[in-house]
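One structure is given below, encoded as C-alpha cells.
The values are calculated or read from the model by the stated rules, or taken from the named source; none is laboratory data. Keep in mind that what you see is a predicted model, and the values were worked out from it rather than measured. Note that each Cβ is placed from the backbone with ideal geometry, even for glycine, and that neighbours are counted across all protein chains shown.
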Amino acid sequence: MPLANGLRKIDLQDLQVFLEVFERPNLGEVADALNLSSSAVSYCLKKLRAGFADDLFLATRGGMQPTRKALAMRPHVQEMLGRAQRCLAEAGGFDPAGEARRFRLCAPEYFELLILPPLLRRLTEAGHPISLDVQRLTRDVPADALLAGELDLALGFGPHRHRIHPDLNAAALFRDGLCCVQARDRPPVTDLDGFCQRRQVFPTPWDSTRNMVDGWLQEQGRARQIAAQANSYLAALRLIPGSDLLLVLPRRIYRLLADDGTYASPAGPALPEFSLDMLWAQPFDQDPANLWLREQVLDVCAELGWH
C-alpha cells in the first residue's frame, strides 16, 4: 500500500517525539529525554501535524494536551515503534562499547539505593557510554510501556505484590525480609499486639497508599496506626529519634541506612518476606540490548552475594 505524501516525511524519531510528549509537561523536557535540541523537537511536531492533518497537542498552562486524534493514534504508534525495535534486535547483537545508549527503567527506591550504585559503577568502570533513566514505580507495573518499548526493564516486589500483565516475563533477583526500627532508648516491641498499638511511620518508596505490611495485617484481621507518611526511607528514618514511633524497613535498607547506633531493631513480630523481581516484555525477551541489561543486573546481584 503506497504511503500518503504527508506520511513519507515522517520517521521513527518523529514517532518517538510523539510518544514522549504524552509523558512530559513541556517540550524542553521532551528534548532532554531524547537528547535532541528544542528546535529538533519542534520540527518533528511540525512534520507530525502536517502528516496527520491535526494539531495533535495543544499548549496549555498544564502542559501539552493531546487531541482526540492523538489519543486514538497513541496505541498504534506504540505498536509501530515496538515492531521497529524487534526488527533492529533481529538484525544483530548489541555492543555496549558502541554508540551511546539510554536504558529506561521503572523501579522502587529500594532498587535505587541497593542496586543502582554498583550497577552504575560497573558500567562506568567498563567505559560503556550507557546511561540509565530510572522512573518511579507505581502500584501497577507499567506493562503497556514495557510492551511498547518505552521502558526496557521494570523492578518490582514479589511474589504477587504487584498486578502483573500476562505478556511480561519475571525473574526473582533475591529475597529480603522486614524489620521494626525504633529509637534506641524506647521499650521494644515484642509481639503483634504491641506492633499494632504503636503509631508508625509509613515510607512510600513507590506510589501507593498501602504496602506489603498493610496487606499482611489485613489477612490477619489487624491494622496499624499511621502517624506520618514520608516520601523516602531516609526521610522516614529522620522521624524516629526522640519519638515512640515505629518504622518497618527492609533488612537490607536498615543495614545500609540505619545500623549506626542511633536506632534499634527489636525482634518484634515475624514480619513477611519478599523478593525483588525483574520484569520485561516477552517480545523483547531475546532482544540483544535487553538481554545485556538483564545480565548486568544479575551480575551485580551475584557480586553482592545476594540470592
(request) Say whether the condition of being in contact with a helix residue (DSSP H, G or I) (Cβ under 9 Å, 6 or more places away or on another chain), among the hydroxyl-bearing types (Ser, Thr, Tyr) and surrounded by fewer than 16 Cβ atoms within 10 Å (Cβ to Cβ) is met by at least one residue in the stretch 23-38. (result) yes
(message) Please pick out the residue among ARG222, ARG210 that is of a type in the set (D, E, K, R) and modelled with pLDDT of 85 or more.
(response) ARG222
(request) Kindly provide the set of residues from the stretch 92-146 that are of a type in the set (Val, Ile, Thr) and under 16 Å from ASP299 (Cβ atoms), ordered by number. (result) ILE115, THR124, ILE130
(message) Any residue that is farther than 30 Å from ILE130 by Cα and outside the structural domain of ASP152 (by TED's automatic domain parsing) - is there at least one of those in the stretch 21-44?
(response) no
(request) Return yes or no: is PRO241 at pLDDT below 90, assigned by TED's automatic domain parsing to the domain that holds PRO108, farther than 17 Å from LEU114 by Cβ and not aliphatic (A, V, I, L, M)? (result) no
(message) When the residues of the stretch 39-86 are narrowed to those that are over 16 Å from LYS9 (Cα atoms) and among the β-branched types (Val, Ile, Thr), which ends up surrounded by the fewest Cβ atoms within 10 Å (Cβ to Cβ)?
(response) THR60
(message) With the requirement that a residue be under 12 Å from VAL77 (Cβ atoms) and in a helix (DSSP H, G or I), what does the stretch 8-26 give you?
(response) LEU12, ASP14, LEU15, GLN16, VAL17, PHE18, LEU19, GLU20, VAL21, PHE22
(message) Between ALA235, ALA227, ALA223, which is part of a loop (DSSP other than H, G, I, E, B) and over 15 Å from the mean Cα position of the chain (by Cα)?
(response) ALA223
(request) Could you check how many residues of the stretch 131-141 are out of contact with any Pro (no Cβ under 6 Å at 6 or more places or on another chain) and either basic (Lys, Arg) or modelled with pLDDT under 90 (or both)? (result) 5
(request) Search the stretch 77-100 for residues being assigned to a loop (DSSP other than H, G, I, E, B) and of a type in the set (Asp, Glu), and hand back the single one that is modelled with the lowest pLDDT. (result) GLU99
(message) Looking only at the stretch 47-76, filter to residues that are within 30 Å of PRO288 (Cα to Cα) and modelled with pLDDT under 90; which one of those is farthest from the chain's Cα centre (by Cα)?
(response) HIS76
(request) Assess whether PHE103 counts as being assigned to a helix (DSSP H, G or I), within 25 Å of LEU19 (Cβ to Cβ) and among the aromatic types (Phe, Trp, Tyr). (result) no
